Amino acid sequence: METQDAREAAFVKARLRMVEIQILQRGVTSQSILDAFRKVPRHLFVPQEDQAEAYDDYPIPIGFGQTISQPYIAALMTEKAQLKTEDSVLEVGTGSGYQAAILSRLCKKIDTVERIPALGKQAQKMLSELGFDNVFVHIADGTGGWPDAAPYDAILVTAGSPSVPPPLQLQLKNGGRLIIPVGGSWHQELQLWIKTENDFEMETIIPVAFVPLLGKWGWAGERYRNEKD
């Protein structure tokens with residue numbers, strides 16, 4: 001029978017391999033980002049029955065119709081946000097809390113918004129237990145952002161939206177970066193929006209497939225709701 005020490009050693013080995021093959025070799029080279037992915041225990045943010053797959057190269061369901069993103073996509077979004085250590089960041093779509101944990105190792109403060117109470121509470125519990133004390137989980141419609149702590153240096157949206165929610169644009173500082181998948185309900189383009197003094201500059205990054213962003217400024221149809229899964 002495998003001991004706990006052996007199991008943890010296997011997770012560490014898998015995590016280092018994930019960073020080397022899935023992230024570094026695909027062009028994400030920031031040392032601080034690579035170190036964050038090497039240190040955050042991704043397996044603790046997936047359902048226990050799926051922990052053996054936690055470091056594989058694909059998203060994993062976490063219940064309620066939601067997923068934890070493919071490691072490379074999480075790393076790419078983090079890199080494109082051009083984060084600095086003193087940044088205040090908003091994440092829309094807490095999910096498992098994994099992306100927020102990564103961000104917490106790179107920035108001063110993370111506000112993350114989750115619309116599904118059970119997921120938000122579960123993520124907050126895990127983040128607190130692991131000592132990510134600069135992450136604050138809020139239960140709300142994330143398409144409205146979190147105005148109480150705005151403006152932000154960067155905003156990351158971890159679900160696909162039909163367009164960029166206006167409240168998120170308003171909650172960015174000048175020079176702030178917004179990373180968001182925009183397009184259909186299941187296939188989108190990952191976009192980077194940079195707020196200038198009078199407008200926005202937009203760059204398309206790669207095609208992606210995220211679960212739909214639900215809410216006032218996202219997808220509202222009942223056919224996309226899986227909150228009882």
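With respect to the stated conditions, A101 fails to be modelled with pLDDT of 95 or more and touching a His at 6+ places or on another chain (Cβ under 7 Å). Of all the numbered requirements in (1) at pLDDT 95 or above; (2) part of a helix (DSSP H, G or I); (3) surrounded by fewer than 17 Cβ atoms within 10 Å (Cβ to Cβ), R7 misses one, and that requirement is (1).
In the range 69-104, which residues are in a loop (DSSP other than H, G, I, E, B) and either crowded, with 21+ Cβ neighbours inside 10 Å or not charged (D, E, K, R) (or both)? Within the range 69-104, S69, Q70, A81, Q82, L83, T85, G93, T94, G95, S96, G97 qualify. So, D153, is that one of a type in the set (D, E) and surrounded by fewer than 17 Cβ atoms within 10 Å (Cβ to Cβ) or not? Spelling it out, it is not the case that D153 is of a type in the set (D, E) and surrounded by fewer than 17 Cβ atoms within 10 Å (Cβ to Cβ).
I'd like to check something: does the range 105-126 contain any residue that is outside any strand (DSSP E or B) and hydroxyl-bearing (S, T, Y)? There is no residue in the range 105-126 that is outside any strand (DSSP E or B) and hydroxyl-bearing (S, T, Y). Taking D56 as the residue in question, decide whether it is among the acidic types (D, E), surrounded by 13 or more Cβ atoms within 10 Å (Cβ to Cβ) and either outside any loop (DSSP other than H, G, I, E, B) or free of Cβ contacts under 8 Å to residues at least 60 places away in the same chain (or both). Taking the combined requirement at face value, the residue satisfies it. The residues on offer are R26, R42, R15, and the sole one that is touching a Phe, Trp or Tyr at 6+ places or on another chain (Cβ under 7 Å), among the basic types (K, R) and within 30 Å of Q169 (Cβ to Cβ) is R26. Reported count of residues in the range 89-122, each being touching a helix residue (DSSP H, G or I) at 6+ places or on another chain (Cβ under 7 Å) and either among the small types (G, A, S) or at positive phi (or both), is 6.
The values are calculated or read from the model by the stated rules, or taken from the named source; none is laboratory data. All of these numbers come straight from a predicted model, not from anything done at the bench. Neighbour counts are summed over all protein chains in view; Cβ atoms, including those assigned to glycine, are modelled from backbone coordinates with ideal geometry.
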